[in-house]
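First up is the structure itself, then whatever we jot down about it.
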Amino acid sequence: WFEKAAAQGLDDAWVEWGLIYDRGSGVPQDFKKGAELFQKAAAVGNVYALNNLGLLHEMGHGGSKDEAKARDYYEQAIAKDFESAMVNLGRMMSEGKGGLTVDHDFISRSVVVAHHHRRHFPILCGISGCPAGGKPGLNGC
């Protein structure tokens, strides 16, 4: 179903299909395949895909760990007002990752956003092996 929906240009289907491969839900787990599918959705600006690619690059799943790319994907999603990416970038910043300069105001705002959504900091996410332990959450965090 996801393959057919994605072929019709439904970017959320690329994300859902990517999550299936990322988690190994009914298919062999394949981070690279998941990342390829997220990339297709990210190419049209899908914020879930941008956030998921940030997580994959932050953790090194599907390729080399690249915190600068993770930061870039999070920032692209933040520019589209995707709050989960703000939480992830705030967590990265608070942990001293990605060469980020610590911005206490930004970190505080990201904690407030996480609390507002009744999430714990660090967030619970849908990506397998995420910094929060891969606990299921909303679609891709």
Report task. When a/c is below 1.5 the answer is rounded, else prolate if a/b is larger than b/c, else oblate, so apply that to the range 1-89 with a ≥ b ≥ c taken from the square roots of the Cα gyration tensor eigenvalues. Result -> oblate
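Can you flag which of 4/32; 32/65; 40/97; 40/69 are past 23 Å Cα-Cα? Can you show the working numbers first?
Working: 4/32 20 Å; 32/65 13 Å; 40/97 26 Å; 40/69 16 Å.
Among 4/32; 32/65; 40/97; 40/69, the Cα-Cα distance tops 23 Å for 40/97.
Pull out a ≥ b ≥ c, the square roots of the eigenvalues of the alpha-carbon gyration tensor of the range 48-116, then state rounded if a/c is under 1.5, prolate if not and a/b is larger than b/c, and oblate in the remaining case.
Details: a/c = 2.07, a/b = 1.35, b/c = 1.53.
Taking the square roots of the gyration eigenvalues as a ≥ b ≥ c, the range 48-116 is oblate.
For the range 64-103, what is the relative contact order in percent, using Cα pairs closer than 8 Å and at least 6 residues apart in sequence? If you can, show how the numbers build up before the last one.
Values: 26 pairs, mean separation 15.3, N = 40.
Relative contact order for the range 64-103 comes out at 38 percent.
Can you give me the % of accessible surface on the range 1-95 that is carbon or sulfur? Probe 1.4 Å, all protein chains present, nothing else counted.
Values: 2120 of 4510 Å².
Ligands and nucleic acids excluded, carbon and sulfur give 47 percent.
On full extension of the chain, what length is gained from residue 36 through residue 75, given 0.36 nm per residue of separation minus the C-alpha to C-alpha distance?
Working: separation 39, 0.36 × 39 = 14.04 nm, distance 1.96 nm.
This chain segment gains 12.1 nm when fully extended.
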**Report entry** Separation of the residue 12 and residue 105 label points, Cα + 7 Å toward Cβ, nm
**Finding:** 3.5 nm
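Can you give me the accessible area per residue for the range 1-121, using a 1.4 Å probe, in Å²?
53 Å²
When only the heavy atoms of the protein chains count and the probe is 1.4 Å, how do 23, 91, 71 rank by accessible area, highest first? Please report the intermediate quantities before stating the final value.
Working: 23 100, 91 5, 71 60 Å².
Order by accessible area, largest first: 23, 71, 91.
Evaluate E = 1/(1 + (r/R0)^6) for residue 3 and residue 64, where r is the Cβ-Cβ distance and R0 equals 25 Å; express this FRET efficiency to the nearest 0.05.
In this case the efficiency is close to 0.35.
The values are calculated or read from the model by the stated rules, or taken from the named source; none is laboratory data. Because the structure is a prediction, the values reported are computed rather than measured. Glycine gets a Cβ as well: all are built from the backbone with ideal geometry, and neighbour counts include every protein chain shown. Note: accessible area is taken over every heavy atom of the protein model, side chains too, but ligands, DNA and RNA are not part of it. Shrake-Rupley method; radii C 1.70, N 1.55, O 1.52, S 1.80 Å.
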